[in-house]
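Chemist: Can you read through this structure? Questions will come right after.
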Amino acid sequence: MSRLIHQECGCSFSELLHRIRCQAATDFLRYGAGVGETAEKCGYKTSSQFCHAFRKQYGISPKKWQQEHT
């Protein structure tokens, strides 16, 4: 399965999972959810872990993204 994901998406399973979670997070953030709540709803154990993944995906913190997109 991992090989197929890498062939189709050009990334590992965990990278794809982070992409999908961060994409879902943008919906929560856009509609006013807090960073901690968003992290929990998107399956991250800590908001710190979420912030790291989000920054890696989008290049800015979730809070900054939220300020720019609401």
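Chemist: Determine the pairs where a residue that is polar (S, T, N, Q), located within region 41-62, has a partner that is open to solvent by 10 Å² or more (accessible area, probe 1.4 Å) with Cβ atoms under 7 Å apart, the partner being 6 or more residues away or on another chain.
Modeler: Qualifying pairs under 7 Å: SER47/VAL35; SER47/GLY36; GLN57/HIS18; GLN57/ARG19; SER61/CYS51; SER61/ARG55.
Chemist: Would you say THR70 is surrounded by fewer than 13 Cβ atoms within 10 Å (Cβ to Cβ), in contact (Cβ under 8 Å) with a residue 40 or more places away in the chain and not aromatic (Phe, Trp, Tyr)?
Modeler: Yes, satisfied.
Chemist: Filter region 1-56 down to the residues that are under 22 Å from GLN67 (Cα atoms), hydrophobic (A, V, I, L, M, F, W, C) and open to solvent by 90 Å² or more (accessible area, probe 1.4 Å) and list them by number.
Modeler: ILE20
The values are calculated or read from the model by the stated rules, or taken from the named source; none is laboratory data. Since the structure is predicted, the reported quantities are computational estimates derived from the model, not experimental observations. Positions of Cβ are backbone-derived with ideal geometry, glycine not excepted, and every protein chain shown enters the neighbour counts. Heads up: the accessible areas ignore ligands, DNA and RNA and are worked out on the full protein's heavy atoms, side chains in. Shrake-Rupley method; radii C 1.70, N 1.55, O 1.52, S 1.80 Å.
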